Amino acid sequence: MMKNRWPAAYQVIEKLEHAGFDAYVVGGAVRDFIRGVPANDVDVTTNATPNEVKQLFEHTIDVGIEHGTVLVVVKESIEVTTFRSEDTYSDYRRPDNVMFVRSLQEDLQRRDFTMNAMALTKKDELIDYFDGSSDIQKKLIRAVGDPNKRFSEDALRMLRAIRFSAQLDFSLHVNTLEAIEMQHKLIGRVSLERVKVELEKIWASDHVGKGMYLFETSMLAINFPGDWKTYLDKWNRFLMFENVANGWAFFALMQQSNDINNLLNFYKCSNAEKMHVKQVLLAVEKLKKGLWTTYDLFQFKEEVLLSAANYAQIILDMHTSYEKDDILRLKAAIPISCSKEIAINGNELMEWKQEKRGPWIKEVLEKLTIAIVNGKVENERAHIKEWFFHEYDN
Ligand code: ATP
Ligand code: MG
């Protein structure tokens, strides 16, 4: 029963009903309930207006009051949204007007896919005007109403369809797919931040190949460039290793794009993401020339090496012998794991050489790092001093 499954949502619905309103769980939680899997978050829809909701609950937060959404904080935070329909769309994304409506059916009708357009009462009675649960049995993603119209109202829905197919391993209903083929150019008008979010959800999904195939066919051109079976297979082997920036590295390698900066700037990747991608690509480049040197193994972070070795194997069909254990073992065998661990610093160098601070210190420290990493000098003060006077005979 809902009371045990989603106690916070149950509590919110009960209170709204007690005050004379209607309230239901809607959207993703109902879909996941029908699929028999736990829900990410549980949203409630009601005919109470945002102000009525706010009056009823002690602790609320305005998260999107212009869209009719109030966050109600009970045991957990529950998003409560007033029944609404959407008017005209002039920017292919946001409706120009949000209209509150009094019927649940109108609210469900504005939702994107049949599987997302169901409601559940607190007694677990399913309200399903568009056969969402039968589409779920058939593993189908089907737009509510005329898909062409729905996608031209909001082009993001096309990307959502693709992302859901990768997450759930569902197919696109033929009319929905055809509409994406018809309307795909409108995806170009979706803000790149939103595209990025959807892409990253695809990369984190269980069926990456499916999502990327659909993504590329709908974003770029309907005729898929190259051999799509190989493409699908490679993306299906993609592992994200808990760093979403890995998706961009893999993407760049798959596209054999030389202009990685352009790609990363285009999608407004953060500096940390750009840095990670560049490191992975650099490590792959080094691998193309042969095994990594001890210094490479020292310089690149473990997660960079891990991704680079794995992606080189998948994308470039390179038979690298670097598994996680190898990388850990090789890294552990290096006397230092970062230059901070060097037994001396610039002060000692200045003292030994009787010279003022300057760029020379950095140069010596770099050389010293290489020598220690390669086992030429022991990381110990006396040994380093000896090395220094030998190298810099002064
Ligand atoms: P997830 O498990 O990924 O959160 P979700 O279905 O809950 O999936 P949300 O983005 O949280 O997805 O949206 C909640 C609900 O709002 C959806 O189930 C759908 O009914 C509706 N919705 C969201 N975005 C759109 C959209 N662009 N057009 C129409 N309806 C939408
Ligand atoms: Mg959700």
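At 1.4 Å probe size, with the rest of the protein present, what percent of the exposed accessible area of the range 121-271 is carbon and sulfur atoms? Answer for the range 121-271 is 48 percent, counting heavy atoms of protein chains only.
Treating the Cα atoms of the range 155-196 as identical point scatterers in vacuum, please give the log10 of the normalised Debye intensity I(q)/I(0) at q = 0.25, 0.26, 0.27, 0.32 Å⁻¹, two decimals. Treating every Cα as an identical point scatterer, log10 I(q)/I(0) equals -0.88, -0.92, -0.97, -1.13. The Rg/Rh ratio for the range 339-391 is 0.92, where Rg is the radius of gyration of the alpha carbons and Rh is the Kirkwood radius.
Straight Cα distances below 28 angstrom link Lys149 to the lysines Lys138, Lys139, Lys185, Lys196, Lys201, Lys210, with same-chain residues fewer than 8 positions distant left out.
For the range 225-334, the alpha-carbon coordinates run over 43, 32, 26 Å along the three principal axes, in decreasing order.
Take Glu79: with every protein chain present and a 1.4 Å probe, its accessible area is about 80 Å². Projected over all directions and averaged, the alpha-carbon convex hull of the range 1-149 occupies 8.7 nm².
Antiparallel versus total DSSP beta bridges in the range 1-132: what percent is that, nearest 5? Here the share of antiparallel DSSP bridges comes out near 85 percent.
Accessible area per residue for the range 139-224, computed on protein heavy atoms with a 1.4 Å probe, is 40 Å². Rg/Rh for the chain stands at 1.13; both radii use Cα atoms, and Rh follows the Kirkwood definition. In the range 339-391, a dipole from Cβ-located charges (positive for Lys and Arg, negative for Asp and Glu) runs towards its positive end, and of Asn347, Ala382, Ile372 it is Asn347 whose Cα lies farthest in that direction. Based on protein heavy atoms only, the range 278-394 ends up with 60 Å² per residue of surface accessible to a 1.4 Å probe.
Would you kindly calculate the mean projected area, averaged across all directions, of the convex hull enclosing the Cα atoms of the range 139-224, in square nanometres?
4.9 nm²
Among beta bridges identified by DSSP and lying wholly in the chain, the antiparallel ones come to about 80 percent. Using a probe of 1.4 Å, the accessible surface attributed to Ser321 totals some 80 Å² when neighbouring protein chains are kept in position.
The values are calculated or read from the model by the stated rules, or taken from the named source; none is laboratory data. These numbers were taken from a predicted model, which means no experiment stands behind them. Cβ atoms come from the backbone with ideal geometry, glycine included; neighbour counts cover every protein chain shown. Surface areas here come from the heavy atoms of the whole protein model, side chains and all, with no ligands, DNA or RNA. Shrake-Rupley method; radii C 1.70, N 1.55, O 1.52, S 1.80 Å.
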